[in-house]
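As structure tokens, the structure follows; a few thoughts come after it.
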Amino acid sequence: MLYSDQSLSLQLHDNGIAELCFDLANESVNKFDSATVTSLGKAIDVLMETPDIKGLLVTSAKPVFVVGADITEFIPMFTQEGDSVSGAIATNSENFRRLEDLPFPTCAVINGYALGGGFEVCLACDFRVMSSVAKVGLPEIKLGLLPGWGGTVRLPRVIGIDESLMWIAAAGEQRPDEALRVGAVDAVASPEELRNVALATLQNAIVGDLDYCARRVAKHAPLPINKVEATMAFMTAKALVAQQAGPNMVAPVTAVSAIEKAAHMDYEGAIGVEAAAFSKLVKTPQARALVGLFLSDQLLGKKSKTWAKAVSGDLNNAAVLGAGIMGGGIGYQSALKGTPIRMKDIAQAGLDLGMSEAAKLLSKRVAKGRMKPDQMAKVLNAIQPSLNYDGFDQVDVCVEAVVENPKVKHAVLAEAEGHLRDDAVLASNTSTISISYLAEALKRPENFAGMHFFNPVHAMPLVEVIRGEKTSDSTVAKLVAYASKMGKKPVVVKDCPGFLVNRVLFPYFGGFSGLIRDGADFQAIDKVMEKWGWPMGPAYLMDVVGMDTGVHAANVMADGFPDRMKNDYKTATEVMYENNRLGQKNGIGFYEYSKDKRGRPQKNVNEVVYELIAPHVDERREFVESEIIARMMVPMAIELARCLEEGIVETAAEADIALIYGLGFPPFRGGVFQWIDTMGVAKFVEMADQFADLGAAFHVTDGMREIAAANKSYYGI
């Protein structure tokens with residue numbers, strides 16, 4: 001053994017080939033934390049000092065290669081000065097350069113995920129051999145950053161400008177066939193043959209059949225493209241990337257610009273451009289928010305795993321009660337992810353609808369090449385439609401998804417409980433009805449909780465697991481485990497009107513109603529909030545939700561929180577509902593809907609809407625963007641703070657994740673609490689106080705004032 005520590009090992013085999021093996025102690029994956037960066041530098045020192053080495057294999061002892069940098073170590077960069085940031089990333093950048101300059105050929109053996117810095121170290125090697133089950137990529141753009149260890153320099157020189165710009169700007173994970181096609185790797189092999197193929201590749205370089213020196217020259221030289229061609233290529237790329245990224249994501253265009261600026265430079269000049277661009281991006285609010293979001297997602301994953309570990313036995317069989325669109329979606333998702341499910345309804349028409357929904361979703365996967373027909377048949381066969389309770393004594397988890405009516409749900413839940421084992425878990429997919437109230441109809445309320453899926457089930461990541469007054473920990477654990485197995489993001493919340501997501505959504509809609517009452521144009525509000533980052537404005541969103549659903553939920557919220565959610569005026573949403581303008585479900589709401597050439601709904605405006613709401617609103621006038629944003633976001637943010645203070649949700653991170661995955665809150669803002677922290681809690685309080693006369697929904701909590709007075713933040717950054 002030439003060198004060994006807690007991060008990696010270096011040994012010299014009898015054939016003269018050295019092997020540098022990443023194996024980070026006490027971790028399930030390899031990553032470039034500060035200790036690994038230091039260890040790599042020491043290992044390279046040993047490689048440079050050891051005689052008679054003919055070549056180097058770079059390997060991993062874990063199922064993955066290296067997943068990238070240790071993102072937790074990025075947090076201090078948000079408060080460091082630019083030069084300090086450059087210094088923080090320079091050490092590993094220099095490691096990779098020294099690895100690339102070793103006096104013998106090198107080959108990366110990519111056995112699993114090689115992402116970010118993990119792929120950048122592969123690019124620093126002369127050759128790359130990839131497992132047929134591995135994936136590679138540079139996902140830093142998703143964190144509001146760009147590759148900082150030579151990725152923007154080496155990748156364009158390895159696979160060309162066009163491909164590299166798309167790889168970096170789109171930040172996707174690349175499959176072996178695609179990586180081989182563009183030349184990012186030199187060979188793809190089965191896991192069993194991976195090492196042999198890598199050794200053969202390295203041996204060919206050692207004997208001179210493969211020219212590794214020429215590869216190094218190419219990676220260190222300016223890009224082989226004239227200035228006219230480069231101008232055209234980068235102009236087209238920047239336009240496309242800017243269009244896809246939108247105005248609020250600066251990292252993609254910054255990455256393209258950095259590659260363009262460095263195109264005609266040698267390695268030293270190009271790496272300097274990359275470092276400067278990285279230092280610039282790390283200071284942006286988007287980077288801070290997206291890194292925070294990444295860490296919040298990791299926290300959620302760890303909590304879910306902790307819950308799942310508490311589950312005794314397996315979750316092998318599920319059931320869903322009600323086979324409509326929602327029930328069909330739940331059935332599809334459960335079967336798709338490997339849990340067979342019984343789908344019960346009281347009518348054959350309902351079962352037909354549920355199975356049709358599942359078949360439609362599976363057919364789309366087949367059409368896109370994501371599933372083979374025989375796989376589709378297998379998933380469909382895992383959904384067992386039934387008009388009775390046959391087999392329910394084998395069910396581990398049963399989800400009720402019938403109409404949003406308390407009496408109906410009470411009856412269905414009580415009946416279903418009688419057919420389940422004593423240890424089976426029963427859940428309701430209710431979006432508004434108290435879990436503790438629904439539990440009153442049950443003999444085993446400790447085995448009951450809420451499991452609120454969001455529509456459409458297959459597309460929306462969030463599941464709220466709602467704990468009632470009598471819900472046991474084991475019930476919560478089983479539902480969290482089931483949601484995770486379904487590929488969802490479960491957030492555990494306590495029972496209250498609207499639970500978490502709907503509770504904070506309706507103050508947002510309340511801000512919308514107040515603006516319209518005071519003369520704002522709903523189209524203008526939509527445009528401002530979409531520009532701010534929401535996937536759709538509040539009027540459009542209400543059309544998607546449905547006026548009937550919106551009015552019903554608003555009434556539930558008003559009953560639960562009358563001091564701040566009960567209106568003393570008729571809202572525009574109520575006017576739409578009274579005039580049977582239900583939104584997309586009947587083609588007319590705030591907007592009117594028709595199908596475009598692809599069959600997708602497109603919205604148009606009819607002046608009749610303005611005529612209908614005219615008796616209930618002030619004369620139309622323009623509002624500045626800042627006031628629209630404040631009046632929309634302040635009530636939502638304050639209500640979320642109330643939920644955190646009341647313990648409805650356990651952490652700010654989970655609250656933020658819930659709104660991003662459940663409502664489509666702009667990810668680049670990191671969540672409501674990340675947004676507040678970015679502006680400063682004191683500034684948020686000051687902004688909210690300007691609108692205090694609009695009612696209790698705009699009154700910040702005492703807890704928020706305490707955080708502001710202490711100059712603290714929700715995330716402590």
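The values are calculated or read from the model by the stated rules, or taken from the named source; none is laboratory data. Since the structure is predicted, the reported quantities are computational estimates derived from the model, not experimental observations. Positions of Cβ are generated from backbone atoms using ideal geometry, with glycine treated the same way; all protein chains shown enter the neighbour counts.
Worth pointing out:
- Criterion violated by I225 - all others in (1) surrounded by 13 or more Cβ atoms within 10 Å (Cβ to Cβ); (2) assigned to a helix (DSSP H, G or I) satisfied: (2)
- Among residues of segment 435-446 being surrounded by fewer than 24 Cβ atoms within 10 Å (Cβ to Cβ) and at pLDDT 95 or above, the one that is farthest from the chain's Cα centre (by Cα) is K443.
- Per this entry, S28 is not counted among residues that are among the polar types (S, T, N, Q) and at pLDDT 95 or above.
- Here I325 does not fit the description of being buried (at least 22 other Cβ atoms within 10 Å of the Cβ), closer than 24 Å to V425 by Cα and not charged (D, E, K, R).
- Odd one out for G511 among (1) buried (at least 23 other Cβ atoms within 10 Å of the Cβ); (2) assigned to a helix (DSSP H, G or I); (3) not assigned by TED's automatic domain parsing to the domain that holds K570: (3)
- Breaking point among (1) charged (D, E, K, R); (2) closer than 22 Å to K62 by Cβ; (3) surrounded by fewer than 24 Cβ atoms within 10 Å (Cβ to Cβ), for R128: (3)
Residues are listed down the side, and each one gets a yes or a no for (1) outside the structural domain of G695 (by TED's automatic domain parsing); (2) hydrophobic (A, V, I, L, M, F, W, C); (3) under 20 Å from M633 (Cβ atoms); (4) without any contact (Cβ under 8 Å) to a residue 12 or more places away in the chain:
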{"position": "K527", "(1), (2), (3), (4)": "no, no, yes, yes"}
{"position": "G546", "(1), (2), (3), (4)": "no, no, no, no"}
{"position": "D596", "(1), (2), (3), (4)": "no, no, no, yes"}
{"position": "E611", "(1), (2), (3), (4)": "no, no, no, yes"}
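- Qualifying residue in segment 550-557 (condition: loosely packed, with under 13 Cβ neighbours inside 10 Å and in contact (Cβ under 8 Å) with a residue 12 or more places away in the chain): no
- Check on P139, in contact (Cβ under 8 Å) with a residue 40 or more places away in the chain and in the same structural domain as V217 (by TED's automatic domain parsing): yes
- Condition check for L541 on (1) closer than 19 Å to T432 by Cα; (2) crowded, with 20+ Cβ neighbours inside 10 Å; (3) in contact (Cβ under 8 Å) with a residue 40 or more places away in the chain: one failure, at (3).
- For C496, the criteria (1) in a helix (DSSP H, G or I); (2) crowded, with 17+ Cβ neighbours inside 10 Å; (3) of a type outside the set (S, T, N, Q); (4) at pLDDT 95 or above hold in every case but one, which is (1).
- Filter pass, A230 being in the same structural domain as T152 (by TED's automatic domain parsing), touching a Leu at 6+ places or on another chain (Cβ under 6 Å) and part of a helix (DSSP H, G or I): no
- Filtered residues of segment 438-475 (kept if hydroxyl-bearing (S, T, Y) and either part of a helix (DSSP H, G or I) or closer than 18 Å to L500 by Cα (or both)): T471, S474, T475
- Candidates in segment 577-618 are the residues that are hydrophobic (A, V, I, L, M, F, W, C) and touching a strand residue (DSSP E or B) at 6+ places or on another chain (Cβ under 8 Å); of these, the one that is nearest to H552 (Cα to Cα) is L582.
- The residues on offer are R642, R705, R669, and the sole one that is farther than 17 Å from W534 by Cβ, in contact (Cβ under 8 Å) with a residue 40 or more places away in the chain and not β-branched (V, I, T) is R642.
- Note on segment 202-260: residues that are basic (K, R) and within 30 Å of K531 (Cα to Cα) amount to 1.
- The residue that is farthest from G246 (Cα to Cα), counting only those in segment 536-564 that are out of contact with any Lys or Arg (no Cβ under 6 Å at 6 or more places or on another chain) and not in a helix (DSSP H, G or I), is F561.
- Only residues that are at pLDDT 85 or above and assigned to a loop (DSSP other than H, G, I, E, B) were counted across segment 581-599, and they come to 9.
- Subset of segment 613-639 [part of a helix (DSSP H, G or I), without any contact (Cβ under 8 Å) to a residue 24 or more places away in the chain and closer than 21 Å to M679 by Cβ]: S626, E627
- Scanning segment 260-283 for residues that are buried (at least 19 other Cβ atoms within 10 Å of the Cβ) and of a type outside the set (F, W, Y) yields a count of 12.
- Residue check: G511 meets all listed conditions (1) at pLDDT 95 or above; (2) of a type outside the set (S, T, Y); (3) touching an Asp or Glu at 6+ places or on another chain (Cβ under 9 Å) but one, namely (3).
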